[in-house]
Amino acid sequence: MTELMLKYFRKKQKEVQTEKVYNTQCPYCSMQCKMQLIEQSVVSRKQYKTVGKENPTTQGRLCVKGMNAYQHAFNKERLKYPMLKVNGEFVRISWEQALERIKAQFTRIQEEDGLNALAVYGSASITNEEAYLLGKFARVALKTKYIDYNGRLCMSAAASAASQTFGMDRGFTNSLAEIPNTRCIILAGTNIAECQPTIMPYFEKAKENGAFIIVIDPRETATTKLADLHLKLRPGTDAALANGLLKVIVEENYSNEAFIQERAHGFHEVKEYLASVELREIEAITGVSINEIQKAAIKFGKEETGMIFTARGVEQQTDGSAAVRNLLNLLVATGKLGKPNCGFGAITGQGNGQGAREHGQKADQLPGYRSIENKEHRKFVADVWGIDPDDLPGKGVSAYEIMEKIDEGEITGLFLMCSNPVVSNPNAHFVKNALKKLKFLVAVDLFVSETAKLADLILPTSSYLEDEGTMTNVEGRVTLREASCPCPGEVKHDWQIIVEIARALGKEKYFSFSSAEEIFNELRLASRGGIADYYGITYERLRKEGGILWPCPDLEHKGTLRLFETSFAHPDGKAKMVVVPNKPVVPKEEVNSEFPLYLTTGRVMSHYLTGVQTRRSPALAARNIESYMEIHPATAMDYQIADHSLVKIDSRRGSITVRSKYSETIRPDTVFVPFHWADSQNVNVLIGGELDPVCRMPGFKLSAVKVSPVNDVFAN
Ligand code: SF4
């Protein structure tokens, strides 16, 4: 290239023209950061730049996932037309043909196998409007009791613990703004630095202000760097550790007797149980020393203010709901609730992890967090929907149990919306084989995911840039994400797809919506007077106010920044403490001579869930191109595993092959594998199907495994 040409191109490079600005919201985690995507033209090509936008939750911060989210939305692999499987190949069909096919298959299945032979499987990444509509679709259009969603595998333990203790499940009892002023923080099983990076400044500020931070985690992570005290427990022993903390608090007189007397039940029983527990026993179970347990408990008990945060490390266990309840016992016992800078936060993983669990996608739930088993609740919602309460189906089963019912042949048709159960469910080989037995599987997705590959029909849906609707973020703050560009090809929004199928099934009367806002207005009515009351929230208010924390029962209500200031949400206004025994009800998998190591799983910063979107964003995929197994070098030596070498991991369910990664900071008895990859790197192949008896959460965070080198590099 001549000097002249180079000069010309350099000059042109500088002539960056802004073509378009998309005002949007990150589609990934529960922080729901507001952002602007700026489309620019440089010479003859387009380039994109993402910048954060001021908002009350993240004040314009973004992480690498949000900055690169547009790459999946503009990916060439996006589905643009309905695709029907014919002789094993997907072929393009029209929407009319797709709807006819669905009508014929759904009708045939319900005639042959009964109404409940059709199931619906939803997602916590869809908007509130779509989650609400999907619940209504299952109960009114399909009349099936079988609906659940992928949030069951994510937030259900914290949700049920909060419902049982407080009578209400809003992930955060306070707004995030209170975190910097609290004096002691417990972060239990949460790696916020990688999973919700834009929340970190709240905790960094707290530390700057002198807060003492206790992190409970079997691994050292980017988050444990914040810790003043790191309790590096054995995986799966959080409930017992909380008993140790409680015992010290109660016996050293740091419990708040006045608060307990006035505002809680169950303390006496908990105290009695703790008297029978020995700290030596807790030390043996958890691997955390008595000295550290005492230090943590006294610090938390002594400080005037304190907060506890949990995430999947505690929750994704077969006793996850009990473990979270025991941490909530700690808050109730010390009276650190309902007042400034004190409270609980379940740090939701998925973008709409909060809102999607409030309005009817769960097996036992109706909108507004109403119960499908409560007669009055059924009548209220049936009246809003214009149906007879007796026509509402009853309670169904949880996400993984839907897979079991498919395997058993009770469910023969599945409508799957924006979820990838072949990768996200435990016992992944079993789930894949079960799904192959279906008579008809419809998958709604952006891409041909691992599960969509098994579908008979795939319907293309819109991305975060195209779809309008509300999301409820980690705080319980409802925000409006506006649509910023038209759908590509023949793509439709999730809500449009639901409406069109309902109409094809002859249920137009109940699904006459022509915009997301119309659906939201019905959701407001259906949630009115419920626990998650959205009645006072409107699109107009959200545009003006930039987000409102529920409950918001009327149009003049400002939203609720802090819960439980005067009473809890149980009918008598009191919180419920409960005895959580050290020994879980469902026995956990033990290590033995055949499977001698604990396996725990989690996330990496650059990927989201099963990676369907982030693995298709080149800038994100490049950061973590493949899965890996973190292992202590001493353990690796025992099994002759070299650093960065291929290693086979076996559990009682199956095996995977990933690359090893030495870590001095992981417990020598534990290995860690992230869960964003599929096929031979899908760690969920190794996980068992046992469920938490209360919330039906699988035990993702603890399995017994063995490891072996794929190539005998030590022999060379
Ligand atoms: Fe914000 Fe979460 Fe998106 Fe990162 S992934 S930009 S923290 S919403």
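The values are calculated or read from the model by the stated rules, or taken from the named source; none is laboratory data. Only a predicted model underlies this, so the values are computations on that prediction, with no experimental measurement involved. Every residue, glycine as well, gets a Cβ built from its backbone with ideal geometry; the counts of neighbours run over all protein chains shown. Surface accessibility is based on the protein's heavy atoms, side chains included, excluding ligands, DNA and RNA. Shrake-Rupley method; radii C 1.70, N 1.55, O 1.52, S 1.80 Å.
Counting only residues that are under 17 Å from Thr665 (Cβ atoms), assigned to a loop (DSSP other than H, G, I, E, B) and open to solvent by 10 Å² or more (accessible area, probe 1.4 Å), how many does segment 229-269 have? Full working, then the answer.
Initially, segment 229-269 is screened for residues under 17 Å from Thr665 (Cβ atoms), giving 229-235.
This time we only want the ones that are assigned to a loop (DSSP other than H, G, I, E, B), so: 232-235.
Then keep just the ones that are open to solvent by 10 Å² or more (accessible area, probe 1.4 Å); that gives 232, 234.
Selection size over segment 229-269: 2.
Taking the conditions (1) open to solvent by less than 30 Å² (accessible area, probe 1.4 Å); (2) free of Cβ contacts under 8 Å to residues at least 60 places away in the same chain in turn, His570 satisfies each one other than (2).
Listed by position, the strands (runs of 3 or more DSSP E) enclosed by segment 71-133 that each have at least 2 residues that are under 15 Å from Val444 (Cα atoms) and touching a helix residue (DSSP H, G or I) at 6+ places or on another chain (Cβ under 7 Å) are 118-122.
Among the helices (runs of 4 or more DSSP H) confined to segment 270-352, the ones with at least 2 residues that are closer than 16 Å to Lys247 by Cβ and either within 16 Å of the ligand (Cβ to nearest atom) or open to solvent by 30 Å² or more (accessible area, probe 1.4 Å) (or both) are located at 279-286, 290-302.
From the list Tyr149, Tyr132, pick out the single residue that is open to solvent by less than 10 Å² (accessible area, probe 1.4 Å), in contact with a strand residue (DSSP E or B) (Cβ under 9 Å, 6 or more places away or on another chain) and more than 16 Å from the ligand (Cβ to nearest atom). First the steps, then the outcome.
Details: Tyr132 fails: in contact with a strand residue (DSSP E or B) (Cβ under 9 Å, 6 or more places away or on another chain).
Result: Tyr149 is the single residue among Tyr149, Tyr132 that is open to solvent by less than 10 Å² (accessible area, probe 1.4 Å), in contact with a strand residue (DSSP E or B) (Cβ under 9 Å, 6 or more places away or on another chain) and more than 16 Å from the ligand (Cβ to nearest atom).
This table checks each residue for (1) modelled with pLDDT of 95 or more; (2) surrounded by fewer than 22 Cβ atoms within 10 Å (Cβ to Cβ); (3) not in a helix (DSSP H, G or I).
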{"residue": "Gly394", "(1), (2), (3)": "yes, yes, yes"}
{"residue": "Ile406", "(1), (2), (3)": "yes, no, no"}
{"residue": "Glu410", "(1), (2), (3)": "yes, yes, yes"}
{"residue": "Val444", "(1), (2), (3)": "yes, no, yes"}
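Please verify whether segment 653-663 includes one or more residues that are among the basic types (Lys, Arg), part of a loop (DSSP other than H, G, I, E, B) and surrounded by fewer than 23 Cβ atoms within 10 Å (Cβ to Cβ). If you could, list the steps in order and put the result at the bottom.
If we filter segment 653-663 for residues that are among the basic types (Lys, Arg), which is where we start, we get 653, 659, 661.
After this cut, where a residue has to be part of a loop (DSSP other than H, G, I, E, B) as well, the list is 653.
Then keep just the ones that are surrounded by fewer than 23 Cβ atoms within 10 Å (Cβ to Cβ); that gives 653.
Looking for residues that are among the basic types (Lys, Arg), part of a loop (DSSP other than H, G, I, E, B) and surrounded by fewer than 23 Cβ atoms within 10 Å (Cβ to Cβ), one finds at least one in segment 653-663, hence yes.
Does Tyr70 fit the bill of being open to solvent by less than 20 Å² (accessible area, probe 1.4 Å), among the hydroxyl-bearing types (Ser, Thr, Tyr) and within 14 Å of the ligand (Cβ to nearest atom)? Here the answer is no, as Tyr70 does not meet what is asked. Among the residues examined, Gln316 qualifies as at pLDDT below 95 and either out of contact with any helix residue (DSSP H, G or I) (no Cβ under 6 Å at 6 or more places or on another chain) or over 30 Å from Pro426 (Cβ atoms) (or both).
Taking every residue in segment 649-661 that is under 10 Å from Ser703 (Cβ atoms) and pairing it with any residue that is assigned to a strand (DSSP E or B), at least 6 positions away or on another chain, the pairs with Cβ-Cβ distances below 6 Å are Ile649/Ile656; Ile649/Val705; Ile649/Val707; Ser651/Ser703; Ser651/Val705.
In segment 204-216, is there at least one residue being within 16 Å of the ligand (Cβ to nearest atom) and surrounded by fewer than 24 Cβ atoms within 10 Å (Cβ to Cβ)? There is at least one residue in segment 204-216 that is within 16 Å of the ligand (Cβ to nearest atom) and surrounded by fewer than 24 Cβ atoms within 10 Å (Cβ to Cβ). For segment 522-553, the tally of residues that are at negative phi and either open to solvent by 60 Å² or more (accessible area, probe 1.4 Å) or hydrophobic (A, V, I, L, M, F, W, C) (or both) stands at 16. Of the residues making up segment 405-418, just one is touching a Phe, Trp or Tyr at 6+ places or on another chain (Cβ under 6 Å) and not hydrophobic (A, V, I, L, M, F, W, C), namely Gly413.
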